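Each reported figure results from applying straightforward, stated rules to the coordinates on display, with no laboratory input. Keep in mind it's a predicted model, so treat the numbers as computed, not measured. FYI the Cβ positions are ideal-geometry reconstructions off the backbone, even for glycines, and counts take in every protein chain you see.
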Amino acid sequence: MKQRVGVIARKIGMTRVVEKNRVVAATLLQVDSCVVRCKKEGGRTSLQIGGGVKKKVSRPLQGHFKKFGVPFFGKLCEFFVTEEGILPEGAFLKPSHFVVGQCVDVTGISVGKGFAGGMKRWGFRGLPASHGTSVSHRSHGSTGNRKDPGKVFKGKKMAGHMGCSTITVQNLRVLSVLDEDNLIVVAGAVPGSKGGWIKIRDAVKVPLSEKVFWPGVFDLSAVSTEAPSLSEENL
């Protein structure tokens, strides 16, 4: 099965879109993706994507970016592709890489909630409000059984850290693409806070639209012809 590269974007926020006499909740994503390198290893091909131009990065990364003649990026990730989806190094991907109506899978880091109890974390109902309950109204209650098995099973739902997890939401529909503003509008909510990094790729459980472009929509003119220098000012 043919596979294209995805893009990385920043979450701008949510809005609503009127569509066919109904209101749809939508998320605005600002695309910021540049192909840094193409790597073939273990029989698979991957494209490294960079985003978020930075003035200062570590010296190893400076050498890495200089080697491929691209700006300094603060965010790097990789996407597996097939031979049909290989893009030239230094290509800046456009929002029109995706088409209106197609489904995409969106991955982000959820908002951190800190240490949360069972009622907030798992939706437990808690203990009775009266009739002898003392100090433990919001407790999750018993966690075990008896002498056999004599232990708490792994994965038991209890209080603990909530959020800050990598979450993928599948099959979100693309409502609009705006190349002039580098924006993609998708239906529904996307994990993460405003300004957080989001990975967008073609949906894996839905057939790819025949309208998409191969290997993708990109711009080579946005890349500087000279690689950033490794001067002391950039350290």
(message) Roughly how far apart, in whole Å, are the Cα centres of the range 54-74 and the range 173-216?
(response) 27 Å
(message) Springs between alpha-carbon pairs under 10 angstrom, Gaussian network model over the chain: which of F80, F115, F218 fluctuates most?
(response) F115
(request) Any chance you could run the full-extension gain for M158 through E19? It's 0.36 nm times the residue separation minus the Cα-Cα distance, nm to one decimal. (result) 45.9 nm
(request) Set the Förster distance to 30 Å, then compute FRET efficiency between N171 and K54 from the Cβ-Cβ distance, nearest 0.05. (result) 0.35
(request) Calculate the spin-label point distance for T143 paired with S130, positioning each point 7 Å from the Cα along the beta-carbon direction, and give it in nanometres. (result) 3.1 nm
(request) Between V18, V204, V57, find the one with the highest GNM mean-square fluctuation for the chain; connect C-alpha pairs within less than 10 Å. (result) V18
(message) Can you find, among V81, T133, P149, the residue sitting farthest towards the positive end of the charge dipole of the range 45-180, where Lys and Arg contribute +1 and Asp and Glu -1 at Cβ?
(response) T133
(request) Would you mind counting up the charge near G195? Only other residues with Cβ under 13 Å from its Cβ, with Lys and Arg at +1 and Asp and Glu at -1. (result) +3
(request) Work out the length of the dipole vector of the chain about its Cα centre, built from +1 on the beta-carbon of each Lys and Arg and -1 on the beta-carbon of each Asp and Glu, and round it to the nearest 20 debye. (result) 1520 debye
(message) Cross-link candidates for K113: which lysines have Cα within less than 23 Å, leaving aside residues fewer than 8 places away along the same chain?
(response) K11, K154, K156, K157, K194, K199
(request) Rounded to the nearest 0.05, what FRET efficiency do M119 and K75 give with R0 = 35 Å and r taken as the Cβ-Cβ distance? Could you check? (result) 0.50
(message) Given contacts defined as C-alpha pairs under 8 Å and at least six residues apart, what's the relative contact order of the chain, whole-number percent?
(response) 31 percent
(message) Out of the trypsin sites (Lys or Arg not before Pro) in the range 110-208, which ones are loop residues according to DSSP with at most 11 other C-beta atoms within 10 Å?
(response) R125, R146, K147, K151, K154, K156, K194, K205
(request) Could you work out which residue, out of W122, W197, W214, moves most in a Gaussian network model of the chain, that is, has the largest mean-square fluctuation with Cα springs under 10 Å? (result) W122
(message) How are the alpha carbon pair distances in the range 32-100 distributed across 5 Å bins from zero to the largest one, expressed in percent?
(response) 3, 17, 26, 24, 16, 9, 3, 1, 0
(request) Could you run the Karplus curve 6.51 cos²θ - 1.76 cosθ + 1.60 with θ = phi - 60° over the range 117-129 and give me ³J(HN,Hα) per residue in whole Hz, x for Gly and Pro? (result) x, x, 5, 7, 6, 10, x, 4, 7, x, 8, x, 6
